[in-house]
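The values are calculated or read from the model by the stated rules, or taken from the named source; none is laboratory data. Because the structure is predicted, anything quoted here is derived from the model rather than measured. Backbone-built Cβ (ideal geometry, glycine too); neighbour counts: all protein chains shown. Heavy atoms of the whole protein, side chains included, go into the accessibility calculation; ligands, DNA and RNA do not. Shrake-Rupley method; radii C 1.70, N 1.55, O 1.52, S 1.80 Å.
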Protein chains: 2
Amino acid sequence: MLAEDDQGGARVARSDHYTVGIDFGSLSGRAVVVRVSDGVELGSAVHDYAHGVLDTRLADGGETLPPDWALQVPSDYVDVLSNAVPEAVRAAGIDPSQVVGLATDFTACTVLPVLADGTPLCELPDYAERPHAYVKLWKHHAAQPQADRINELAHERGESWIGRYGGMISSEWEYAKGLQLLEEDPELYARADLFVEAADWIIWQLTGVYVRNACTAGYKGIYQDGRYPDREFLAALNPEFAGFAEEKLAGEIGQLGDAAGELNERGAELTGLPVGIAVAVGNVDAHVTAPAARATEPGQMVAIMGTSTCHVMNHDELVEVPGMCGVVDGGIVAGSWGYEAGQSGVGDIFGWFTRTSVPAAYAEAAQAAGESVHEHLTRLAAEQQVGEHGLVALDWHSGNRSVLVDHQLSGVVVGLTLSTKPEDVYRALLEATAFGTRVIVETFRDSGVPVEEFVVAGGLAKNALLMQIYADVTRLPLSIIDSEQGPALGSAIHAAVAAGVYPDVPTAAKSMGKVRKDVFVPDDGRAQAYDAVFEQYLALHDHFGRDTKTMRRLKDIRRSAATREESES
Amino acid sequence: MLAEDDQGGARVARSDHYTVGIDFGSLSGRAVVVRVSDGVELGSAVHDYAHGVLDTRLADGGETLPPDWALQVPSDYVDVLSNAVPEAVRAAGIDPSQVVGLATDFTACTVLPVLADGTPLCELPDYAERPHAYVKLWKHHAAQPQADRINELAHERGESWIGRYGGMISSEWEYAKGLQLLEEDPELYARADLFVEAADWIIWQLTGVYVRNACTAGYKGIYQDGRYPDREFLAALNPEFAGFAEEKLAGEIGQLGDAAGELNERGAELTGLPVGIAVAVGNVDAHVTAPAARATEPGQMVAIMGTSTCHVMNHDELVEVPGMCGVVDGGIVAGSWGYEAGQSGVGDIFGWFTRTSVPAAYAEAAQAAGESVHEHLTRLAAEQQVGEHGLVALDWHSGNRSVLVDHQLSGVVVGLTLSTKPEDVYRALLEATAFGTRVIVETFRDSGVPVEEFVVAGGLAKNALLMQIYADVTRLPLSIIDSEQGPALGSAIHAAVAAGVYPDVPTAAKSMGKVRKDVFVPDDGRAQAYDAVFEQYLALHDHFGRDTKTMRRLKDIRRSAATREESES
């Protein structure tokens, strides 16, 4: 169809050609139409997942889910294709025939058990009431016991791959979630032909082809140096688990920016886009954002700051960083080692605090000033000197992804007095996430992966106080992505590469990526004052994160209470 | 006037004779008229202090006070005499001539600098804008540096009295507050002829006589075995402080239940009571409550639970309990060793949380259900199993009085997640105060002062959930005082003894005291479940209270921030 544009095997970046990027988040999916010549975003649309996150009970109002579960319904993702994509194209005012490629990015590790043809088990009527038949969202944290066993065994056996994951495999990832499925619902485990990343499942729906993207295969599937953990290791976890990698994770590996296939009839029907256009290999929301922010060089750490934060960064060499989420060859950009770290809760924590812990008077004052409660608290907090509130908090309300990799950890506030005000705690929570970032940056540096620039994407980039705190706490210049929809733009860049418009992702990023450089720079006085508070943060970090089992015991006690309640009722 | 009732030197407990007890609290004073024959309370009245607590600036809107200050205005106390007393007598429907005695109790250590005639320095026009001229309320915590030096020196010199105070002198007490006065405003220190407890100052206003009550002299004035700390010790703190005890604290010691003097003309004019009736030696709100709850025997720990909690208990022998507030001969009842311990923040913490940390939806739901926010949170929290919220808190928002004696400590919540609800934190705070009590009870037991019964007085006795938590956490039966105004009733009992109606306080307590026995008893299942949570509380308690300086550093940082702010503005 577009063969007339080919010049010596590569397409040119025509200004009347577009790609569509689709970003699947935790609560909604967003499609954006982007011009391939310069990355201008012409139109976008969002579609909310009808079922959202199932963390208390299944959609049908049935069984109560245990603590730490988080499920989703796969048809919600398909609804994004059929709603958001046509709407974005309409909003862009272009003709669908001008779209030359499509790419997606997804939350990860978000996984589901499916039949050989891709049918999710939860769509089989017999299994509709079985929690394990559903998508386990990235923040499903109920497989910690399995993760603990995986880690213990990996260290015991000296598995070579464990160092590639900072010494710890997360309960969020494929093996812990798969093992939980096996051990809690063996019938469903047996019935599942494959255990697939939603990132790849959605591409399968569009192309009819199942390709495992190199990013999740590496970061979440422990695919390193061309292979998965071996049968002996898996059998030692549970004899029935021996074939998990070979059988349930099997699939061709696709490199990021490559085409997984072409849009098939069904995909075209869903999206309204032309049959046959390139569909890129699946990808992950954070990783795809690096090129969107034109930050694919070594030394540029990209932080995608939303409900949680994901840090991604390229480096030429392979080193092992303690507590990093992972290092994967081609995990961000083909040909570089991609490093990933993360903070499990960031905007989530601010949102939780604003929702549950701020009295009516603040809500009223915010309304009177024409502000959101977030804006109101931020304005009050911005008036404070560093350290004035006397608090230090740990930002582990959803556990700690880096560098402790422990989802049994929980949030802490220390220093409360009867004079403590909501804006004090709010600011302490903002700072806690900045301190968490500093721990990550320093750990990378100490391991030989220096961070020179901190590039922020995601919704939190809008909070100037938060950004300044990050600059002051980390003593790094902050650049800010110049797009409201970084991941979707990043996907659109990958779509352009998959469609052959650009030879590779870094080249495409130069034309299509958007960033504002050094928007926030550290203030030396505040940076020094923060050093003193950070010292206390670090003391708490190590006490609760390394030295004691307090938080783990609290989770145990909580589980015992839940059991007691059941036995009483 | 009442001489016709005398029989062999002792009056009989006539059913048409009354005493007036006046309880001076942190925000108001309450007078109650009590029948001497059976302790029935006939009428009462409350008068709020016009100036309340000055903790941000002086009454005249002038100078901003530094953190941790808490001042009061002495004329507010006099206004209680002239307002609440006549009103209580009117409410009781008796004739003032039927009142045979008067007694008071006060917060402590609440102290003020005065001239030799009792005039408070803050009432001298020259000093009205000098913060140090005012009453330092018990919860003025700005003298911690001085307290630190007192403790260090006492241990260095092996002072015999330090063991009587659990090894630590509080920043709340006379020496720390006096030394702060000397060092921060030496001119005022020199001008003060005396540094007196408000408990004794108010008796001075009523009788014209300055008598130091044995209770505050012992607990707050380090008066042990008939003497104060010596000049050498005081001079080593600061040469100018050498004469502090001899000169500023000097005064005849009066035993509890004795008459300090008779109501003089001015006292009669203020109160509307007859000139010449007995006025008891001053006393302290907590200590005076023990006889009101008929709990003057060894093994009965009385907890006065309000904004803070004070624990008092008699024992026949003198032992040293680590971290107790003090042990004083005749400190509660003449002839017994009176032990005191305390928790700096209890109801205060619940109130702070309810005021600052509960969203509008809860306030609205409470209103719809016809409940206070406290009641609403309590009802929601009561539905939970022990440990279900997954939290553990430290109840140190106002510091820790026992057994750590450190007002630089602060509050902590551990275990927060994005599912944490306001009622979860509320319950964790209730429990934290119960754990704090358990630490005290166990420390007493381990030191040879066994606690067999926990007798609760004060406003928090009304919260059945809180009471049950205390019974479950401490595994003690809880008895509850059967009076809404325990301290005032206790004062009225002391007034009856001072007036000669009863030979001693325990005898008067048998007729006039009120208690409901074993209202809450421990449940074994819950007690066991709490053991696991308490273990975590104790780990935090020792970590933050003994092993690390985290909280002290946070206070330092806070003070530096305040300095930085001043230098900038």
Inset, instruction - Test B:SER511 against the stated conditions and say whether it is within 21 Å of the chain's Cα centre (by Cα), more than 14 Å from every other protein chain (Cβ to nearest Cβ) and surrounded by 17 or more Cβ atoms within 10 Å (Cβ to Cβ). - result: no
Legend entry - Filter result for B:ALA461 (crowded, with 24+ Cβ neighbours inside 10 Å and touching a Gly at 6+ places or on another chain (Cβ under 6 Å)): no
Legend entry - Residues being touching a residue at least 40 places away in the same chain (Cβ under 8 Å) and in contact with a Pro (Cβ under 8 Å, 6 or more places away or on another chain) - total across the stretch A:407-448: 4
Legend entry - Scope the stretch A:464-482; condition surrounded by fewer than 23 Cβ atoms within 10 Å (Cβ to Cβ), in contact with a helix residue (DSSP H, G or I) (Cβ under 9 Å, 6 or more places away or on another chain) and more than 23 Å from A:GLU442 (Cβ to Cβ); matching residues: A:ALA464
Legend entry - Total residues in the stretch A:357-374, condition within 32 Å of the chain's Cα centre (by Cα), within 9 Å of chain B (Cβ to nearest Cβ) and free of Cβ contacts under 8 Å to residues at least 24 places away in the same chain: 1
Inset, instruction - Among the residues of the stretch B:130-174, count how many are open to solvent by 10 Å² or more (accessible area, probe 1.4 Å) and β-branched (Val, Ile, Thr). - result: 1
Inset, instruction - Only helices (runs of 4 or more DSSP H) wholly contained in the stretch A:198-282 count here; list those with 2 or more residues that are under 24 Å from the mean Cα position of the chain (by Cα), aliphatic (A, V, I, L, M) and within 28 Å of A:SER402 (Cβ to Cβ). - result: A:198-207, A:214-219
Inset, instruction - State the number of residues belonging to the stretch A:526-569 that are within 8 Å of chain B (Cβ to nearest Cβ) and in contact (Cβ under 8 Å) with a residue 12 or more places away in the chain. - result: 11
Inset, instruction - Test each condition in (1) open to solvent by 10 Å² or more (accessible area, probe 1.4 Å); (2) modelled with pLDDT of 95 or more for A:ALA366 and report the one that comes out false. - result: (1)
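Yes/no per residue for (1) over 27 Å from A:ASN400 (Cα atoms); (2) open to solvent by less than 10 Å² (accessible area, probe 1.4 Å):
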position	(1), (2)
B:THR417	no, no
B:THR420	no, yes
B:PRO450	yes, no
B:PHE454	yes, yes
Inset, instruction - Search the stretch B:272-309 for residues being closer than 20 Å to B:ASP200 by Cβ and among the polar types (S, T, N, Q), and hand back the single one that is surrounded by the fewest Cβ atoms within 10 Å (Cβ to Cβ). - result: B:ASN283
Inset, instruction - Kindly check whether there is at least one residue in the stretch B:444-456 that is within 21 Å of the chain's Cα centre (by Cα) and under 30 Å from A:ILE349 (Cβ atoms). - result: no
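Any residue in the stretch B:393-414 that is acidic (Asp, Glu) and more than 16 Å from the chain's Cα centre (by Cα)?
Yes - at least one qualifying residue is present in the stretch B:393-414.
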Inset, instruction - Scan (1) of a type outside the set (Gly, Ala, Ser); (2) touching a residue at least 40 places away in the same chain (Cβ under 8 Å); (3) within 14 Å of chain B (Cβ to nearest Cβ) for the single condition A:TYR502 breaks and write down its number. - result: (3)
Inset, instruction - Those residues that are open to solvent by less than 40 Å² (accessible area, probe 1.4 Å) and either basic (Lys, Arg) or closer than 14 Å to A:ARG57 by Cα (or both), I need them from the stretch A:116-129; list them, please. - result: A:ALA128
Inset, instruction - With the checklist (1) open to solvent by 40 Å² or more (accessible area, probe 1.4 Å); (2) modelled with pLDDT of 95 or more; (3) more than 22 Å from the chain's Cα centre (by Cα); (4) not acidic (Asp, Glu) in hand, flag the one item A:HIS47 doesn't pass. - result: (3)
Inset, instruction - Go through B:ASP329, B:ASP348 for me and flag whichever is within 14 Å of chain A (Cβ to nearest Cβ), open to solvent by 20 Å² or more (accessible area, probe 1.4 Å) and in contact with a strand residue (DSSP E or B) (Cβ under 9 Å, 6 or more places away or on another chain). - result: B:ASP348
Inset, instruction - Determine whether the stretch B:198-215 contains at least one residue that is touching a strand residue (DSSP E or B) at 6+ places or on another chain (Cβ under 9 Å), open to solvent by 10 Å² or more (accessible area, probe 1.4 Å) and among the acidic types (Asp, Glu). - result: no
Legend entry - One residue from A:VAL497, A:VAL473, A:VAL501, A:VAL451 being in contact with a Leu (Cβ under 7 Å, 6 or more places away or on another chain) and either under 24 Å from A:VAL36 (Cβ atoms) or not aromatic (Phe, Trp, Tyr) (or both): A:VAL451
Inset, instruction - From (1) aliphatic (A, V, I, L, M); (2) in a loop (DSSP other than H, G, I, E, B); (3) crowded, with 22+ Cβ neighbours inside 10 Å, pick out the condition that doesn't hold for A:ILE94. - result: (3)
Inset, instruction - Could you please give the count of residues in the stretch B:332-345 that are aliphatic (A, V, I, L, M) and buried (at least 24 other Cβ atoms within 10 Å of the Cβ)? - result: 2
